[in-house]
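J.: Below are the structure tokens for one structure; questions will follow.
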Amino acid sequence: MKGTLTIYVDEANGLNGEEMKCVAGDSKNEFKYNSESVGTPYYMHNVSIDENLSLIITVNDQTYEWSLKEVFAKSEGVAVTLPKKGDKIILTLSYRKYNSGDSLVNRP
């Protein structure tokens with residue numbers, strides 16, 4: 001079973017204009033974060049449900065890892081706080097399984 005992992009950056013003090021690299025299994029997304037994009041969804045498609053799968057985020061040569069087990073289990077999303085030297089990064093992660101009739105057009 002596969003689906004879409006959605007990442008919302010709720011807060012990332014001191015990361016204005018920095019690139020965030022996100023990897024979950026074979027799915028990847030890279031984007032530049034800026035303070036004006038708070039609440040913008042970033043999508044990772046074709047993420048397999050695997051309770052051992054983690055989201056790996058790299059920002060400024062710092063790497064963070066977060067288990068997706070809880071994210072797969074909750075449809076309303078999970079708030080995640082990643083410690084950052086002198087600051088923190090706050091994300092909301094949510095996951096939506098693909099239905100058998102979904103096409104790429106219908107996917108978020």
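Please treat every number below as a calculation from the coordinates, not as lab data. In this text, all values refer to a predicted model and were calculated from it rather than measured experimentally.
J.: For Lys69 and Thr81 in one chain, what is 0.36 nm times their gap in residues minus the Cα-Cα distance, to one decimal in nm?
T.: 2.7 nm
J.: Taking P(r) over Cα pairs in 5 Å bins from 0, in percent as the quantity of interest, determine which of [x] 2, 11, 18, 22, 22, 17, 6, 2, 0, 0; [y] 2, 11, 13, 13, 11, 10, 8, 8, 8, 7, 5, 4, 1; [z] 2, 12, 24, 26, 19, 11, 5, 2, 0, 0 was computed from the displayed structure.
T.: Correct label, based on the coordinates given: [z].
J.: Moving to a separate point now. In terms of the ratio Rg/(2.2 N^0.38 Å) built on C-alpha atoms, what value belongs to the range 1-43?
T.: Cα Rg divided by the expected 2.2 N^0.38 Å: 1.22.
J.: Right, another one. Under a cut-off of 24 Å between alpha-carbon atoms, report the lysines in cross-link reach of Lys88, not counting same-chain residues fewer than 8 places apart.
T.: Lys21, Lys28, Lys32, Lys69, Lys74
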